[in-house]
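Encoded as structure tokens, the structure appears first; notes follow it.
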Amino acid sequence: MASGQHVSAIKGAKVLMVGAGGIGCELLKTLALSGFQDIHIIDMDTIEVSNLNRQFLFRQSHVGLSKAKVARDAVLRFRPQISITPYHANVKDTNFNVDFFKQFSVVLNGLDNLDARRHVNRLCLAADVPLVESGTTGFLGQVTVHIKGQTECYECQPKPAPKTYPVCTITSTPSKFVHCIVWAKDLLFAKLFGDKNQDNDLNVRSNDAATSSDHSEDIFEHRKDEDIQQYANRIYDHVFGHNIQTALSNEETWKNRNKPRPIYVKDVLFDEPIQQNGNVDKSNDHLSSLSAMAYLDLKNPQDIWNLRENSRVFFAALKLFFSKRQKDIGNLTFDKDDPLAVEFVTAAANIRAASFDIPLHSLFEAKGIAGNIVHAVATTNAIIAGLIVIEAIKVLQNETKNCRMTYCLQHPSRKMLLMPVEPFEPNKSCYVCSETPLLLEVNTHRAKLRDLVEKIVTSKLGMSLPLITHGSSLLYEVGDDLEEDMVANYAANLEKVLSELPYAITGGTIITVEDLQQELVCNINIKHREEFDEENEPDGMVLHGWTPAPAAENSKDATDNNGASTSSTSKSAPDVIEDDDDLSILETGIETIPAGGQKRKLSDVSNPEPPVDEKRAKKIPMHPENDDDVIVMLEDGNDDISKTTQ
């Protein structure tokens, strides 16, 4: 039975939930059933068919509607007496500012991307509101508590850029090329050439059944009396044309997004037949040499094909599969060492990218973008949601000394699947919560202000509305209320090299970078440097004090060392990013955490003595057979792919 203090803390709390997806549905249900009376939800997404297998508040009839609004209505049916306020919006919208956050007792995150997580972390710090973070990937999950001045903030430790992608993003609203690769490789390729019994729905549905792309027959089935070119045309028009046209009918989806354009065969090839290169040996159908590029006399894999060339490769690859490898169809899985498979996926991904106005990539680049598929587990989301509420109640009762970061494991270790860890103290060198100055090495005679803004301020520091000053002089600002002459002046500054700005940025200069929405201020010391290693320092500038995720090449060493971490920069457990749909792609650079089983104390962080790996050895156990390391998370980069082994 809950104590009076317990009940009072819950009923008097005003809670903000950010995210109404896999974790969010479970969290809203748990909050309502736990007695919370005033809940606000922010989520910009609409409901997709792929959400329905575990986001239990949604039904088929809700497809295309706002997640936040439908979740509210669903919960009010069994808890009509409570107040739930939904916002179908992006949490980064300017109306969700510090004053907005100050009204809440606690903020609970169920997000699926790093950028939004960092944004919410900064707003919570500025508003002095406790934040409970969470994430899941498959059977793995975590809940962490962040209280200003008492525990480390979300950005106190380097966070790997997440490589988990919701299926609703992959199938309906891709915004990055990797989304298109996942769609082409794990959905389209698998549908055309893989196991026919696999549950893989590439059709797009709208609120209007008449416009849905469902067909009475299987659109992807190759009919016996149909030649390959007719079949290829039908597939092309369906996935790149009709499906996109159908998606456009879900108007709610495109309120805050750029609309894609349908692409049909007649618009690209004008019924042009695919011409075969006469030098190709028709009898050579060996797996290692069969190639659409050779078929079309395309030679350089580092060339970026245009839409027409990608379409020709798409048709040529599909034709070669059905004419030369017919016996394999129905049993194929994507293999990055299969040239024809890579060519097909590259072409399909590029055509889809063109539809969504995403920059095209070369075959060489596309081949490097691959990963493992991890299916979302509803039970993990439910466990994590319960843990979020437990920690939120502790925060509301001012029992911060009892707060725990809790990790959900895939395999029991010492008979434990949930591993609690005491929170860490704030990192004194964190540029977000400790305002520690940063150091930027840059060639001030060559780099432009645009490079500084794009490569450092927005990409690495994650600022949404940056303002850059040198002393009392304003060099750059972003905002909707700027005068036209100011906008033109700042645009002109972007194209000037740093040393030629009206108030020159040179070696020894200190600039201030500020985000007014996040109320975050960073001072950056400038150090002039002439040369940079193009391979290891491709940005042409190096930021110190901001620590990126460990390099991808460390992943091999980590595996060879039975999971011993090769990173000396990370002391706390890495994040498991929420898989907001039923599959996610995990990419390169696997982070490992040595096993142990003891809780780690706050004081351990400040002890400089054992190396990072030993300090982390008190973190998380894993396999039942032994207490070796657990591969928990992943790092940034698309250069190499590492598979998780257990």
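The values are calculated or read from the model by the stated rules, or taken from the named source; none is laboratory data. Predicted model, so just to flag it, every value in this text is computed and none were measured. When we count neighbours, we look across all protein chains shown, and the Cβ atoms used for this are built from the backbone with ideal geometry, even at glycine. Note: areas computed on protein heavy atoms with side chains; ligands, DNA, RNA excluded. Shrake-Rupley method; radii C 1.70, N 1.55, O 1.52, S 1.80 Å.
Descriptive notes on the structure:
- With all protein chains in place and ligands, DNA and RNA left out, the 1.4 Å accessible area ranks I228, I510 as I510, I228, largest first.
- Base-10 log of normalised Debye intensity for the range 451-502 (one unit scatterer per alpha-carbon) at q = 0.15 Å⁻¹: -0.41
- Segment K224..D115, full-extension length gain: 34.3 nm, with 0.36 nm per residue of separation and the alpha-carbon distance subtracted.
- Sequence-distant contacts, meaning Cα pairs under 8 Å at least 6 residues apart, place the relative contact order of the range 438-544 at 41 percent.
- Of the trypsin sites (Lys or Arg not before Pro) in the range 70-137, the ones in a loop by DSSP (not H, G, I, E or B) with at most 12 other beta carbons within 10 Å are R77.
- If R0 equals 45 Å, the separation of the Cβ atoms of D195 and N536 corresponds to a calculated FRET efficiency of about 0.60.
- Sites listed here are trypsin sites (Lys or Arg not before Pro) in the range 227-261 whose DSSP assignment is loop and whose Cβ has at most 15 other Cβ atoms within 10 Å: K255, R257.
- Label sites at S61 and A491, each approximated as a point 7 angstrom past Cα along Cα to Cβ, lie 4.9 nm apart.
- A 1.4 Å probe, protein heavy atoms only, puts the accessible area of D128 near 100 Å².
- Accessible area of K196 in the full protein assembly, 1.4 Å probe (Å², nearest 10): 100
- Spatial offset of the range 300-341 relative to the range 66-122 amounts to 44 Å, using the alpha carbon center of each.
- Contour minus Cα-Cα distance for K460 and S499 (0.36 nm per residue): 11.8 nm
- Computed label-point distance, nm, for sites S175 and K415 using a 7 Å Cα→Cβ extension: 4.7
- Above 17 Å, the calculated P(r) of the range 438-544 contains 50 percent of its Cα-Cα pairs.
- Probe 1.4 Å - accessible area at L501, Å² to nearest ten: 10
- Flagged links, alpha-carbon separation over 30 Å, of K102/K176; K415/K460; K176/K324; K92/K336; K69/K259: K102/K176; K415/K460; K176/K324; K92/K336
- Segment N525-K255, length gained on full extension (0.36 nm per residue, minus Cα span): 93.1 nm
- The range 442-501: GluC sites (Glu not before Pro) falling in loop per DSSP and having at most 14 other Cβ within 10 Å: E483, E495
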